[in-house]
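Written below as structure tokens is the structure these notes are about.
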Amino acid sequence: MTISKRGAGSVTRSIIGEFMLLLTVIIVPFSFVIGWYVFSSFNQFTIQQQLQSLESLAEEKSSTINQYIDDHIGRIETLSLMPVTTSAIAAFSDAFQTGIDSELYDRTNTDYAEVYKRYLSYWNYYDLFLIDLQGNIVFSIKHESDIGSNLKSGPYGETALGQVFKQSLLMLQANNSTFTYYEPSKEVGAFVATPVISGGKVIGVIALQFDTNIFYDVINNLVGLGASGEVVVGQVVNDKILLTAPLRHDPDAAFKRTIELDAVNALPIREGSQGGTGSDIMIDWRGEEVLAVWQYIPALKWGMVVKIDTEEVFGHWQYIQRNLIVFIGLGLFISYLLIYLFTRRITRPLRKLTQASLAYAAGKHDIQIDSLLEINNEAGALANAFGEMISQVQSSKAELEQTVAELAENNRTLDQRVVAQTEHIQGIIKYSADGIITMNAKGDIESVNPALCDIFAYREHELIGQPMTMLMPEKYREAHQAGFKRYSKGEKDFHFNLSVELEGLRKSGELFPLDLHINEMCIGSETLFLGNIRDITEEKTKREKLEHTQRLESLGILAGGIAHDFNNLLTAILGNAALAKGRIDHKSPATEMLVNIEKSSERAAVLCKQMLAYSGKGHFVVEVFNLNELIEEMMNLLEVSIEKSVMLRLDLSEQCLPIEADVAQMQQVIMNLVINASEAIENHSGMITIHSAVVDIDHAYAQSLYMENELLVGRYVVLEVSDTGCGMDEETKKHLFDPFFTTKFTGRGLGMSAILGIIRGHKGAIKVYSEQGKGSTFRMLFPCSGAMQVEQKNNIKEAVRSEDRGTILIVDDEENIRETAAMMLEDIGFTTLEAKDGLEGMAMFRQHQSVICAVLLDMTMPHMIGDEVFHAIRDIEPDMKVILSSGYSEQDATKSFAGKGLSGFIQKPYGPDDLQSIVLEVLNDK
Amino acid sequence: MQRLFVLIPAAFILLVAVITLWREDDLPPIKVGILHSLTGTMAISEKPVMQATLLAIEQINAKGGLLGRKVKAIVVDGESEELLFAREAERLIVEENVSVIFGCWTSASRKMVKPMVEKYNHLLFYPLQYEGLEQSANIIYTGATPNQQIIPAVSWAVQQFGPRIYLVGSDYVFPRVANWLIGKQALALNAAVVGERYIPLESRDVESIIEEIQKLKPDVVLNTINGDSNIAFFHRLNEAGITAEERPVLSFSIGESELTKMHDDDGDPTGHFAAWNYFQSIDNQQNRNFIEAYQSRFGKAQPVSDPMQAAWAGVHLWARAVQASQTDDSQVIRQSISHQSLIAPEGIIAIDQKTQHAWKTVRIGQIRSDSQFDILWSSNAPVRPDPYPALVTKQQADAFLRQLYDGWNGHWARPIAMDKAAGQMMPHTEKPAQAGNQP
């Protein structure tokens, strides 16, 4: 949930504002439209009402005026029908003939004037005329200048009186004139006239003159016209409107004031006086706006306007209008106020709530909502809910805070654990002896550990992001990329989680063997390849060494076994040949053959000896001597053994080089090496150097030597034979010490093997340096001996034949060995007993214990092996001389007899001399 | 919310507009009846009057009607049958609920409608000059009374042409009464009626009249023949070689409409005279407007005549009364109309308060060859209407009318059957004055 900042804090439009806007937009126009409508309706209504009342007034006044005229008409008609009138007209007509000054006229006047004067005063007329058919005014009461004049031909023919006279005769009816200035009367007057008919014939006309005053009362009656209203009457005279009655606003207007017909403000009276009727708001003669009703009064040809100033009519209306506006304004104000107050009632709690919310949001959590709860409406409910919410929130918050704290603690612990774990894992990776590398799906290196950097001799930054192939020899790269492509295409024929032995490429370009273990891992969507790389250079070397040693050992055992059996056979051959030579005449032709047998057998014995030397099981006669002396002694022999073109040089240490070794074997070693060197030089000229020295070797050096067992750290005598010969290729070097491996056509391949066996037998070591075409160096190390005494070996040769020197028990499983040995011993005076195995031997020994002085015991026999027999014999007679005979080297054979008082050892094959001397020596030793 | 601020005032304005417009349309029209003969012998004269009445109504409607209502004319054909006029008048009042009836030409039809409007206290506007001797509170007479046409004309004729008068007319109430009055006037003026002849309506048998005129040689012939008979009369007059200079004929029932037809039908009355309140040839703005409006509505060549103008003015006077009294109630209008006046084509027409007749200007014209009149004389100002001329008393007039009515077997015209029964085209030579003397 997101809460907009705008919603929480700044209220852009308040409820009060909305209501006010609503009021302004809706109610105000509504009020004004209603007000306007009511006002204009009432306005219109008022105008109509006022016009109606004016209309009524006008109708009343015109009725009154018409009534007046009708009354005049009626009166004159009445007068015309009265007999007095007909007789008067007739009388005056006649009298007039005599002249108005005549007596007759006077008399006639006296007769009728009084009657008419009564009517005149009664009806309030100005004058009364009698006119004869010729138009003569034969009678008038006032006797003005018109009396006696003729209305057809006289000066007053065109006056109003003249007109009504003519009209009366033409129409034969009563009629009236309009008001005009009447000269004889010197004032404005109007006339009403009617023909006087007597006996169906017109005899004259009777006319009455009246003035305007009688209408003024009507016109000046302003009842219903307020303060400003007036009645205007006028008639058209000479293209002007002549006002014919006084006005309220101009009492002297009657027959004095004129209004131009085309004047703008003449409209109502012009309309009326020209025959129109109507009503409207107009401008009157004063220029004031008036409500006017106008009519035409046909009898007088008058227009009449009844009017009232609009200002007066609407005066009270303007008051109402003002009040209306005030009421509307007041109503609106009160509405605004009420809405304001009402909405404030709603919004105040809301505002408080908002403030409370904002305060709460700002972190003030001890807010008081109690004051809000008093409000008893929706806002109160909201406040209530808000309060509820706040308390909920507060408790939730406390819980939340606790949870957060716990979570934080957990997080901390987890973090620590993660850090520890990470450190642990990083440490594992960092300190792993194996190189660890990750490669991404593009084939680039993602990460490496220090061990990997060490293995490939790169720095970390040189590897990161680089292609994996940079760590591979050229030969693998193509296959790697092809395999990678196949993997990208989805061919999952890869066997991960397997170790393979490959070669790596170091920064220096050096190739080295490594053990690679690849695995695939997916981290998120990313596939990474994890490689564990172990540099197995050392391991491989060791393994190879071990393999070699084991091979040598097994070869040694084989060679030893063969040599042992051969020696047994050769012992018999040599022994028998020697015995036979001694028993036959030395001139016999068989002697030469026996000598050849002996020579061949001895060569065979030398071969056996070499085999035993290789196997380390040769018969060692260990003595301490100076190696330099041995080499110097051998110089003559060596020089003849090598090619003439080869120069032999000695480079001997000046120090004494005491070693504890078998002299014969050392000679064999030197001889073999020198001869090999000579052969390596072949027919070229070259040099063979024999070098000797004393060195102290350390552990590292010891490691690099080609031996199965490590040399002990210490002082060693160095014997080095180097030549400038053809050298050796790698293959040759590899198999140099293998038995039966030879590069010579005639060689049997045992020379170097024997050398290695001898060196090993002396706990020494050998290292070969060779470069093809440049020669080879064979460096040998022998432990330097602490004793410097060099014993002189005494070769005692006692060829003495004694008689009955004692009985010797021969225990051997080989029959011909038993017989040969028996013959050899019997030759020198011993009696022999022969037993074919240990059991028989023990039986014979018990049987002949008293006579047996020595026992010749074979080491390896069926049923009871040599040491068992030995122990059994010693159990019976502890001082019994026991000579051990074996085809194995003395060391191997006497191992299990160490410290047990073995009297002597003779290595097979042996000749009669060897056996006789050792037996005599043993027996004499006692 | 903002949408509300727009919608509410908009709805309010719409409501006001709808109410205003609805009120306008809702008001029912003011129905008025027009009752004239659209068929029959009087159709030729009455149809143009009906049209003039319609024109006035259309003009009022064009200006927005009356009291915010339209005026709706219900035109009814009287078929030249006076009985039908009575029936249709009643129907208009009772069934159609008209506010007012404009109609009638002949006095016969008016006298049949008069009882109806009086019975229902309704209102009839009658546009024809007539014989007078009548005054009804329920009829507004916008045509001339005898003193507004016949009497001044007779006075004028006697002065102009001489005192020997010959009277000829159709045999129905108007010519009879008119000539009765002319007889009285002649006496008063010291003139003499040398002959008096009547022919039935629609009759063309004027031979004996022509012969009598030729024989009596009157100074002036006063003609009250109505309808087509005039064609025959003037045709025969011309045939007989009687010229206007020699024997001027002053007609009281030949207007512009009749002249056109007479010219077409070889009854040329050119040079003779007629008395009317209105002539088409009157030269003022009101008349020009009236003629233009009528002709643009009903045809360029259509003539306008006195009864048409009087009918047209009658409608406008009625309208003014409605406006002034703010109602179309016929009872109120009757009061209000007596204060109305109008600047009409003929001049000011004002309704006389006392008689409910119109103040009218009298005119005498000489017939031109183009069926128009040259106005020779005018009263200059509207003349007070006087249905009962000073020459006779009301009692005399009523008695005379009673005699006519009874003599025609309860008709206001001489029935044709009577003529046939009499077996002759009877020229009545009896003196109306004598008849008038009988109660």
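The values are calculated or read from the model by the stated rules, or taken from the named source; none is laboratory data. The structure presented is a predicted model; accordingly, all values stated were derived computationally and were not measured. Cβ: placed from backbone, ideal geometry, glycine included. Neighbour counts: every protein chain shown. Side chains are part of the model used for accessible areas, which takes the heavy atoms of the whole protein and leaves out ligands, DNA and RNA. Shrake-Rupley method; radii C 1.70, N 1.55, O 1.52, S 1.80 Å.
Results for (1) surrounded by fewer than 21 Cβ atoms within 10 Å (Cβ to Cβ); (2) in contact with a strand residue (DSSP E or B) (Cβ under 7 Å, 6 or more places away or on another chain); (3) modelled with pLDDT under 85, shown as yes or no for each residue.
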| site | (1), (2), (3) |
| --- | --- |
| A:581 | yes, no, yes |
| A:590 | yes, no, yes |
| A:612 | no, no, yes |
| A:621 | yes, yes, yes |
| A:639 | yes, yes, yes |
| A:654 | yes, no, yes |
| A:677 | no, yes, no |
| A:687 | yes, yes, no |
Exercise. Going by the structure shown, is residue A:55 assigned to a helix (DSSP H, G or I) and of a type in the set (Asp, Glu)?
Worked result: yes
Exercise. Only one residue in A:242, A:267 is open to solvent by 10 Å² or more (accessible area, probe 1.4 Å) and within 14 Å of chain B (Cβ to nearest Cβ), so which one is that?
Worked result: A:267
Seminar exercise, completed: Going through segment B:43-54 in order, the residues found to be modelled with pLDDT of 90 or more and open to solvent by 10 Å² or more (accessible area, probe 1.4 Å) are B:47, B:48, B:50, B:51, B:54
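Yes or no, residue by residue, for (1) open to solvent by less than 20 Å² (accessible area, probe 1.4 Å); (2) away from chain B (no Cβ under 11 Å):
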site: A:54; (1), (2): yes, no
site: A:61; (1), (2): yes, no
site: A:67; (1), (2): no, no
site: A:81; (1), (2): no, no
site: A:87; (1), (2): no, yes
site: A:92; (1), (2): yes, yes
Exercise. Within segment B:207-237, how many residues are open to solvent by 10 Å² or more (accessible area, probe 1.4 Å), part of a loop (DSSP other than H, G, I, E, B) and under 20 Å from residue B:258 (Cβ atoms)?
Worked result: 3
Seminar exercise, completed: Counted residues in segment A:451-476 being β-branched (Val, Ile, Thr) and not in a helix (DSSP H, G or I) come to 1
Exercise. When the residues of segment B:255-290 are filtered to those that are among the hydrophobic types (A, V, I, L, M, F, W, C) and modelled with pLDDT of 90 or more, which remaining residue is nearest to residue B:52 (Cα to Cα)?
Worked result: B:290
For this session: Report whether or not residue B:352 is at pLDDT below 95 and away from chain A (no Cβ under 14 Å).
Result: no
Problem set entry | Of the criteria (1) within 20 Å of residue B:286 (Cα to Cα); (2) buried (at least 24 other Cβ atoms within 10 Å of the Cβ); (3) within 14 Å of chain A (Cβ to nearest Cβ), which one residue B:380 fails | (2)
Problem set entry | Verdict on residue A:247 being within 14 Å of chain B (Cβ to nearest Cβ), in a loop (DSSP other than H, G, I, E, B) and either hydroxyl-bearing (Ser, Thr, Tyr) or under 26 Å from residue A:71 (Cβ atoms) (or both) | no
For this session: Using the structure shown, decide if residue A:504 is under 44 Å from the mean Cα position of the chain (by Cα) and part of a strand (DSSP E or B).
Result: yes
For this session: Answer with yes or no whether residue A:47 is within 12 Å of chain B (Cβ to nearest Cβ), at pLDDT 80 or above and either open to solvent by less than 40 Å² (accessible area, probe 1.4 Å) or not in a helix (DSSP H, G or I) (or both).
Result: yes
For this session: Among residues belonging to segment A:136-164 that are in a loop (DSSP other than H, G, I, E, B) and hydrophobic (A, V, I, L, M, F, W, C), point out the one that is nearest to the chain's Cα centre (by Cα).
Result: A:151
Exercise. Do any residues in segment B:394-416 that are in a helix (DSSP H, G or I) have Cβ atoms under 8 Å from those of residues that are crowded, with 20+ Cβ neighbours inside 10 Å and aromatic (Phe, Trp, Tyr), where the two are at least six apart or on different chains, and which pairs are they?
Worked result: B:394/B:388; B:397/B:388; B:400/B:180; B:404/B:412; B:405/B:412
Problem set entry | Candidates B:188, B:240, filtered to the one that is touching a residue at least 12 places away in the same chain (Cβ under 8 Å) and open to solvent by 10 Å² or more (accessible area, probe 1.4 Å) | B:240
Problem set entry | Residues located in segment A:157-175, provided they are more than 7 Å from chain B (Cβ to nearest Cβ), surrounded by 24 or more Cβ atoms within 10 Å (Cβ to Cβ) and of a type in the set (S, T, N, Q) | A:167, A:168
Exercise. Quick check: is even one residue across segment B:267-275 within 14 Å of chain A (Cβ to nearest Cβ), open to solvent by less than 10 Å² (accessible area, probe 1.4 Å), under 18 Å from residue B:305 (Cβ atoms) and under 25 Å from the mean Cα position of the chain (by Cα)?
Worked result: yes
Seminar exercise, completed: Across segment B:179-206, the tally of residues that are within 14 Å of chain A (Cβ to nearest Cβ) and assigned to a helix (DSSP H, G or I) stands at 9
Problem set entry | Hits in segment B:287-341 - residues which are in a loop (DSSP other than H, G, I, E, B) and away from chain A (no Cβ under 12 Å) | B:299, B:300, B:301, B:302, B:303, B:304, B:305, B:328, B:329
Exercise. Are any residues in segment A:165-181 of a type in the set (A, V, I, L, M, F, W, C), within 17 Å of residue B:150 (Cβ to Cβ) and in a loop (DSSP other than H, G, I, E, B), and if so, which ones?
Worked result: A:172
Exercise. Hey, among A:382, A:407, A:400, A:414, which residue is open to solvent by 70 Å² or more (accessible area, probe 1.4 Å), without any contact (Cβ under 8 Å) to a residue 60 or more places away in the chain and closer than 22 Å to residue A:351 by Cβ?
Worked result: A:382
For this session: Please verify whether segment A:475-484 includes one or more residues that are open to solvent by 50 Å² or more (accessible area, probe 1.4 Å) and either under 17 Å from residue A:435 (Cα atoms) or of a type in the set (Val, Ile, Thr) (or both).
Result: no
For this session: Go through A:229, A:154 for me and flag whichever is surrounded by fewer than 24 Cβ atoms within 10 Å (Cβ to Cβ), within 18 Å of residue A:139 (Cα to Cα) and more than 14 Å from chain B (Cβ to nearest Cβ).
Result: A:154
For this session: List the number of the failed condition for residue B:80; all other conditions in (1) touching a residue at least 60 places away in the same chain (Cβ under 8 Å); (2) among the hydroxyl-bearing types (Ser, Thr, Tyr); (3) over 30 Å from residue B:189 (Cα atoms) hold.
Result: (1)
Exercise. When you scan segment A:507-545, how many residues do you find that are in a strand (DSSP E or B) and in contact with a strand residue (DSSP E or B) (Cβ under 7 Å, 6 or more places away or on another chain)?
Worked result: 20
For this session: Tell me, yes or no, whether segment A:123-130 has at least one residue that is more than 14 Å from chain B (Cβ to nearest Cβ) and assigned to a helix (DSSP H, G or I).
Result: yes
